[in-house]
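Each remark here refers to the structure printed beneath this line.
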Amino acid sequence: VVTASLGSVSLKGRSCLTLKDFSSDEIKRLLWVSGDLKHRIKHEKQYLPLLQGKSIAMIFEKRSTRTRMSTETGFALLGGHPCFLTSQDIHLGVNESSTDTARVLSGLCDIVLARVYSHSTLEELDKEASIPIINGLSDLYHPIQIMADFLTLQEHYGSLSGLTVSWIGDGNNVLHSFMMTAAKLGVHLKIATPKGYEPEKSVIQEAQRLSKEHGTQLVLTSDPMEAAHGSNVLVTDTWISMGQEEEKKKRLKDFQGYQITMQTGSVAKPDWTFLHCLPRKLEEVDDQVFYSSRSLVFPEAENRKWTIMGLMVSLLTDYSPQIPMLKF
């Protein structure tokens, strides 16, 4: 089957709860639109009111710097109106059911971004809403982070296909999103998690199926150095997520030897780089790596804005990118 050219891929009206639901071409299209908006708005100083007259409800059960700022400033930059709602403003499923909230918001705004504790909350909202729902983070997936990560790598390396990304850390939502996306972009994935902190079984099975389908490597190990070996990109994330503070002592003990240092990088490829979705703590990566020229964490944080803009524009409009297609 010859895949349709990316030019004919349309995502208008879709929701984005997980990149598991998006094909290789659809993910590439999102990255292309994101790169295009960045080029036109940031570098060419164009004003593109593509979302004029539209509004977004941003529901945050969990706090966030990057997700809130990127969505709020990005939607406004595109001429739309963002509305920020915390648990104090809208107590999802407590003072009003998720079903009712979804139906009410469908009549009041054009799109919803929800950052929630439980992935099932998003599924409930999506089932009842007649407008697109975006996952701003759930316990299971963090798709908007991964899009920023891959745009950052695409910019740095010039293309994605054939890169090896090594995840050294917890089997969490960010890793799950990497696992649903990497193979579709021709990226090999090596994963080191301590015993007992592996990614979800169902996610592993789907990732294995995808790597077979796309001819990429998927390695699961509990040895950080094995994962780092021959890799282009070293990635980690917090070991203690919001809501896991009780387990802090045990987790710090279990993750000993997982800190990313220049020694970890010594077995990686000569051109290795480092990613972290932030906020970062010293035990996860030392200053020498974090503030080095190999670290792409700040461009990565900025790309949260361009990729959420690319996603919102793709779900709400028929926008066609103006720049030549990115090399994947």
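In region 122-219, which helices (runs of 4 or more DSSP H) lie fully inside it and hold 2 or more residues that are open to solvent by 10 Å² or more (accessible area, probe 1.4 Å) and small (Gly, Ala, Ser)?
Those helices (runs of 4 or more DSSP H) span 201-214.
Just give me the residues in region 89-121 being more than 25 Å from residue 174 (Cα to Cα), surrounded by fewer than 18 Cβ atoms within 10 Å (Cβ to Cβ) and touching a residue at least 40 places away in the same chain (Cβ under 8 Å), in sequence order.
Residue satisfying the conditions is 108 alone.
Just name the residue that is nearest to the chain's Cα centre (by Cα) out of those in region 260-281 that are assigned to a loop (DSSP other than H, G, I, E, B) and buried (at least 20 other Cβ atoms within 10 Å of the Cβ).
Residue satisfying both the conditions and the ranking: 277.
Could you give me the residue pairs with C-beta distances under 7 Å whose first residue belongs to region 207-231 and is touching a residue at least 60 places away in the same chain (Cβ under 8 Å) and over 22 Å from residue 195 (Cα atoms), whose second residue is part of a helix (DSSP H, G or I) and of a type in the set (Lys, Arg) wherever it lies, and which are 6+ apart or on separate chains?
Filtered contacts from region 207-231: 214/184.
When the residues of region 158-195 are filtered to those that are of a type in the set (Lys, Arg) and closer than 17 Å to residue 226 by Cα, which remaining residue is nearest to the chain's Cα centre (by Cα)?
So the residue we want is 190.
Could you say which residue among 97, 64, 87, 106 is within 22 Å of the chain's Cα centre (by Cα) and of a type in the set (Gly, Ala, Ser)?
64
Looking at region 282-316 only, could you name the residues that are assigned to a loop (DSSP other than H, G, I, E, B), hydrophobic (A, V, I, L, M, F, W, C) and in contact with a Phe, Trp or Tyr (Cβ under 7 Å, 6 or more places away or on another chain)?
Scanning region 282-316 gives a single hit, 296.
Which numbered condition in (1) open to solvent by less than 50 Å² (accessible area, probe 1.4 Å); (2) more than 25 Å from residue 9 (Cα to Cα); (3) free of Cβ contacts under 8 Å to residues at least 40 places away in the same chain is the only one that residue 48 fails?
Residue 48 satisfies all of (1) open to solvent by less than 50 Å² (accessible area, probe 1.4 Å); (2) more than 25 Å from residue 9 (Cα to Cα); (3) free of Cβ contacts under 8 Å to residues at least 40 places away in the same chain except (2).
The values are calculated or read from the model by the stated rules, or taken from the named source; none is laboratory data. Everything numeric in this text was worked out from a predicted model, so none of it was measured. A quick note on method: Cβ atoms are made from the backbone with ideal geometry, for glycine too, and the neighbour counts reach across all protein chains shown. Just the protein is used for accessible areas: all its heavy atoms, side chains included, with ligands, DNA and RNA removed. Shrake-Rupley method; radii C 1.70, N 1.55, O 1.52, S 1.80 Å.
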